[in-house]
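Enquirer: Got a structure for you, written out below as structure tokens; questions coming shortly.
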Amino acid sequence: MMKFFLTSLLTLSFHFVFSQNNVKIQNPSSIKNSQFQNPSELFDPRPYGFNHSITIDSPLKICYVSGQSGGTGKDHILSSDFRTQVVDALNNLKIVLKQNSMQYTDVVKITLLIVDHNQEKLEIWTEEAKKVWQSSNLPTSTLIPVNQLALPSMMFEIDAVAIQKM
């Protein structure tokens with residue numbers, strides 16, 4: 001509940017500050033104290049039109065993490081096993097968070113995309129999420145069942161918003 005409140009308050013505060021100062025953000029890279037991160041351990045997403053994350057330092061450090069799939073390494077090798085893809089996607093999320101000097105406990109919001117979602121896949125996700133987040137520190141979450149993701153062999157994707165006090 002606290003994270004939901006914090007996320008909502010942060011969103012409203014961010015909007016209020018920028019709207020009160022008549023700041024119109026056309027391009028996130030124009031925000032002072034913002035930084036794009038593309039960890040060298042992961043594939044280079046720029047040819048595909050995105051970055052792995054952007055961090056904005058204001059009164060709070062805010063990191064928006066692009067969807068992380070279960071692809072491993074610079075070649076984005078995907079397992080054919082759903083659980084393995086979930087574990088690898090969580091590891092990729094950890095890599096991006098670490099690059100931004102953050103960790104899982106800083107994550108306040110996640111969005112999950114699951115191809116051909118069913119109860120078995122939900123149980124696998126729940127088991128793996130409990131290994132990463134303690135029940136007292138769970139992020140808010142949205143799960144979206146989908147027919148397919150960016151690559152035919154992708155079965156899972158997770159994006160995140162992480163926040164730290166400065």
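None of the figures in this text is laboratory data; all of them are computed from the coordinates on show. Every value quoted in this text rests on a predicted model; they were computed, and no experiment measured them. Note that we place each Cβ from the backbone using ideal geometry, even for glycine, and neighbour counts take in every protein chain shown.
Enquirer: Within region 70-96, count every residue that is in a loop (DSSP other than H, G, I, E, B) and in contact (Cβ under 8 Å) with a residue 12 or more places away in the chain.
Expert: The total comes to 8.
Enquirer: Now for a separate question. If I ask for residues that are under 20 Å from Ser34 (Cβ atoms) and of a type outside the set (A, V, I, L, M), which ones from region 76-122 would you list?
Expert: Those that are under 20 Å from Ser34 (Cβ atoms) and of a type outside the set (A, V, I, L, M): Lys98, Gln99, Asn100, Ser101, Asp106, Lys109.
Enquirer: With the requirement that a residue be more than 20 Å from Leu149 (Cα to Cα) and in a strand (DSSP E or B), what does region 54-69 give you?
Expert: Selection gives Ile54, Thr55, Ile56, Asp57, Leu60, Lys61, Ile62, Cys63.
Enquirer: Among Val115, Val86, Val96, which is in contact with a Lys or Arg (Cβ under 9 Å, 6 or more places away or on another chain) and crowded, with 19+ Cβ neighbours inside 10 Å?
Expert: Exactly one residue qualifies, and that residue is Val86.
Enquirer: Could you look through region 71-117, keep only residues that are over 13 Å from the mean Cα position of the chain (by Cα) and of a type in the set (Gly, Ala, Ser), and pick out the one that is nearest to Leu138 (Cα to Cα)?
Expert: The residue in question is Ser101.
Enquirer: Have a look at Ser101, Ser53 and point out the one that is surrounded by fewer than 15 Cβ atoms within 10 Å (Cβ to Cβ) and of a type in the set (Ser, Thr, Tyr).
Expert: Just one listed residue meets the conditions, Ser101.
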